[in-house]
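Let me begin by presenting the structure, written as structure tokens, before commenting on it.
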Amino acid sequence: MKYSKVGAAVALALAASSAYAIPPATVGAVANRLTVAGASAARDSFILAVLDPTEGICASAIDIYRATPTSGQDFRAYTCHLKTLASLGSVSNTDVVIFYRSEGGSAWGPVSIATNTQVMRLNPGPACVAATAPISGFTTWDCPVTGYAISTDTGTGAIVKDTVELGVSDVEPKLFQATNYPSPNPTTVFPAFNGTVAANLRGLAYTTGYSQIFGVILNTTGSGSSAVNNLSKQDVQAIFTGAYSDWSQVPRQDNSGFYPAGEIIVCRREPGSGTQASAAQYFLGVGCGAPSRTFITDSVAGLGDRVQENSTTSGEEACVNSNANAIGINVLKTTPISGAANVKYVSIDGVAPSVQAAALGQYQEFYELAFTKRPGLTGTDNALADGIISVSRNAATVPTNPSTFAIPGAGAANIPNVPISTADPVGLGTRSGDSCRPAVGL
């Protein structure tokens, strides 16, 4: 039976952390390693489910290495000793280092594979020191990185260019085209977007993992946003396209007038973010062939600071938290931002976001995590990637948290039960790996 990884996995890691570790002096000598890049929304689910010592692929406690300072440079590495599992094959029972780059968001995984572009990842070693503020429940090491710029993907210190072997994205590769192609200045990192790049992205093979739920978040201190608890999909569309610029333009859902005035601050992710791509698809229809609308950006003249783009999920959360009357998008959590009181989720067309509502199909803003292996991946790298994908599809090992549920039919045990469980549900429907499709039952 599954358990709450937020509590139990942390307890396990605490209990085992002194029993096994791969410290900075020896991490560079670990032979089995995998470079992963992509979703920041899935970053924490990845560690709590995929690597968890009880249900994931690790037999030992996990050490976390991270770039420091953490702001604006979201690079991590995870070390552990692996279990003996059929899905891991020859890499079973060995030490492993998994590099996880979530800076820039989902597209940095599949786009780097489609364009054969190396990108920065963490390079842990002797310069890493024990963290003074560790991630709760895990031995944490801080690795100094200075001068990192996402526009050029350059910096100094404990980072190095490498080839991405596994992309993890909130939506499938085909959605990272045109306005969802990574930026700023994509030509300094990736090739300029063109027909060849588009065809390569559409042609990438990928495997779905679990479903992730997203939600609309509002600042609770603004004169207008604080009064809003429910928005129609059409009103969110109008805000995200710039048709509405003030809360006084937004009609109340009970037809009693409009909300109090207050200039709307749109906190969005940058092009290349899976969170951004999923919201653009759901609210504006971007990426699905039919005529779609344009998501408002900070490059539009005359907007000032009314639109703010952020390179990570945590950056967007901070944007909504610190700007009165702000609106944003976020993966669903128990609380929008840990320790912050100025942010709330809102209902869409009268349906509050929850794992049960999404699993039942009542709440539709959810998408299926996509794993893209580099074509031709072989040996222990391929075995490690396959093991990660396997535990992300199996209902018994999908993470227990407010944003995820298992895809029906993705694993032999992924059979929906009605009524839907309040924890560990299997959804009643699947998009079959195509974000442009509504979820339908098997």
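The values are calculated or read from the model by the stated rules, or taken from the named source; none is laboratory data. These numbers were taken from a predicted model, which means no experiment stands behind them. Here the Cβ positions follow ideal geometry from the backbone for every residue, glycine too, while neighbour counts run over all protein chains shown.
Go over the candidates Val189, Val168 one by one and state the one that is out of contact with any Lys or Arg (no Cβ under 8 Å at 6 or more places or on another chain), crowded, with 20+ Cβ neighbours inside 10 Å and modelled with pLDDT of 95 or more. Reasoning before the result, please.
Details: Val189 fails: modelled with pLDDT of 95 or more.
So the residue among Val189, Val168 that is out of contact with any Lys or Arg (no Cβ under 8 Å at 6 or more places or on another chain), crowded, with 20+ Cβ neighbours inside 10 Å and modelled with pLDDT of 95 or more is Val168.
Taking region 72-88 as the region of interest, how many residues are among the small types (Gly, Ala, Ser), out of contact with any Ser or Thr (no Cβ under 8 Å at 6 or more places or on another chain) and either surrounded by fewer than 17 Cβ atoms within 10 Å (Cβ to Cβ) or more than 15 Å from Arg33 (Cβ to Cβ) (or both)?
First, pick out the residues of region 72-88 that are among the small types (Gly, Ala, Ser): 72, 77, 86-87.
Right, trim to out of contact with any Ser or Thr (no Cβ under 8 Å at 6 or more places or on another chain) and you get 77, 86.
Then keep just the ones that are either surrounded by fewer than 17 Cβ atoms within 10 Å (Cβ to Cβ) or more than 15 Å from Arg33 (Cβ to Cβ) (or both); that gives 86.
So the count comes out to 1.
If you take just the strands (runs of 3 or more DSSP E) that sit entirely in region 317-382, which of them hold at least 3 residues that are over 17 Å from the mean Cα position of the chain (by Cα)?
Working: elements: 326-331, 343-345, 366-373.
Counting at least 3 such residues, we get 343-345.
Report yes if some residue within region 369-390 is on the phi > 0 side of the Ramachandran plot, in contact (Cβ under 8 Å) with a residue 12 or more places away in the chain and either in the same structural domain as Ser311 (by TED's automatic domain parsing) or crowded, with 18+ Cβ neighbours inside 10 Å (or both); otherwise report no.
Checked against the condition, which is being on the phi > 0 side of the Ramachandran plot, in contact (Cβ under 8 Å) with a residue 12 or more places away in the chain and either in the same structural domain as Ser311 (by TED's automatic domain parsing) or crowded, with 18+ Cβ neighbours inside 10 Å (or both), region 369-390 yields no hits at all.
Report yes if some residue within region 259-266 is part of a loop (DSSP other than H, G, I, E, B), modelled with pLDDT of 95 or more and among the small types (Gly, Ala, Ser); otherwise report no.
Yes, that holds for at least one residue.
Quick check on Thr207: is it in contact (Cβ under 8 Å) with a residue 60 or more places away in the chain, in the same structural domain as Ser106 (by TED's automatic domain parsing) and among the β-branched types (Val, Ile, Thr)?
So Thr207 passes the test.
Taking region 315-337 on its own, how many of its residues are closer than 20 Å to Glu365 by Cβ, surrounded by 18 or more Cβ atoms within 10 Å (Cβ to Cβ) and not aliphatic (A, V, I, L, M)?
Of the residues in that region, 7 qualify.
Please go through region 98-129 and give me each residue that is under 26 Å from the mean Cα position of the chain (by Cα) and over 30 Å from Gly203 (Cβ atoms), ordered by number.
Within region 98-129, the subset under 26 Å from the mean Cα position of the chain (by Cα) is 98-124, 128.
Of everything in region 98-129, those that are under 26 Å from the mean Cα position of the chain (by Cα) and over 30 Å from Gly203 (Cβ atoms) turn out to be Asn123, Pro124, Cys128.
Going through region 47-62 one residue at a time, which ones are touching a helix residue (DSSP H, G or I) at 6+ places or on another chain (Cβ under 8 Å) and either over 25 Å from Thr132 (Cα atoms) or not β-branched (Val, Ile, Thr) (or both)? Can you show your working first?
Step one: of region 47-62, the residues touching a helix residue (DSSP H, G or I) at 6+ places or on another chain (Cβ under 8 Å) are 48-50, 52-57, 60-62.
Within region 47-62, Leu48, Ala49, Val50, Asp52, Pro53, Thr54, Glu55, Gly56, Ile57, Ser60, Ala61 qualify.
For region 81-107, name all the residues that are touching a Lys or Arg at 6+ places or on another chain (Cβ under 6 Å) and either aromatic (Phe, Trp, Tyr) or not in a loop (DSSP other than H, G, I, E, B) (or both).
If the condition is that a residue be touching a Lys or Arg at 6+ places or on another chain (Cβ under 6 Å) and either aromatic (Phe, Trp, Tyr) or not in a loop (DSSP other than H, G, I, E, B) (or both), then Val97, Phe99, Tyr100, Arg101 are the ones that fit.
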